[in-house]
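The values are calculated or read from the model by the stated rules, or taken from the named source; none is laboratory data. Source: prediction; values computed, not measured. Heads up, the Cβs are rebuilt from the backbone with ideal geometry, glycines too, and the neighbour counts pull from every protein chain shown.
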Amino acid sequence: MEDNRFQPISMGETSRAKRLLKLSFCLALLGSVWPGSSVFAQSGTPGGMPPPDGMSLAQSAAMRFPQPVRVGDLLNRNVLQPVATQNLLGTVDQVVRAADGAVNVVIKFGGFLGFGTRLIAVPADAMVLLGRDMEVVAYTPDQLDALPTYSSGAAQPLPSDSLIKVGLAKPSH
């Protein structure tokens, strides 16, 4: 009995195999960029979305690949609005540890040309690094407007050489 498993492939079968391989590759490539695929299942905002119901800010932040960052490297960074246009919301003024142990980023918020700004404290878990800027991802602009003006109270400013963990965002472009 003859074993046909190891016989050479004829020329017609080789070209058919190549066409099937090319077709498979094209379908795989198309599937990776087709609307509705996992690439487009991400948030429409550059940095992400607010955490889903039932998920804490800390759990949501853990999913953003938090990286150690020196506090001094965050000071004076622009803070952007979490929308495609990425409007400037303000700049980082300081990073503080609240009485409950939470780390907050104090932002010079609002105003026009530096006039009329006020300080607000946003949890570090609600912010991400976006290149040289930061972005607030867990609050809408209306929610940021509603935050009270920051007063130091029992909060302690963190030294500029302290390390905190901040999530990463991918650019929208």
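Here are a few things to note about the model shown:
- Inside the stretch 142-161, residues that are in contact (Cβ under 8 Å) with a residue 60 or more places away in the chain and surrounded by 15 or more Cβ atoms within 10 Å (Cβ to Cβ) make up a count of 1.
- Residue within the stretch 134-148 that is touching a helix residue (DSSP H, G or I) at 6+ places or on another chain (Cβ under 8 Å) and at pLDDT 85 or above present: yes
- The lone exception for residue 166 - which of (1) at negative phi; (2) touching a residue at least 12 places away in the same chain (Cβ under 8 Å); (3) out of contact with any strand residue (DSSP E or B) (no Cβ under 7 Å at 6 or more places or on another chain); (4) not charged (D, E, K, R) it fails: (3)
- Count of residues meeting criterion [crowded, with 20+ Cβ neighbours inside 10 Å, without any contact (Cβ under 8 Å) to a residue 60 or more places away in the chain and β-branched (Val, Ile, Thr)] in the stretch 107-130: 3
- Taken together, the residues in the stretch 123-155 that are of a type in the set (S, T, N, Q) and either under 17 Å from residue 65 (Cα atoms) or within 19 Å of the chain's Cα centre (by Cα) (or both) amount to 2.
- Among (1) more than 18 Å from residue 161 (Cβ to Cβ); (2) at pLDDT 90 or above, the one test that residue 50 misses: (2)
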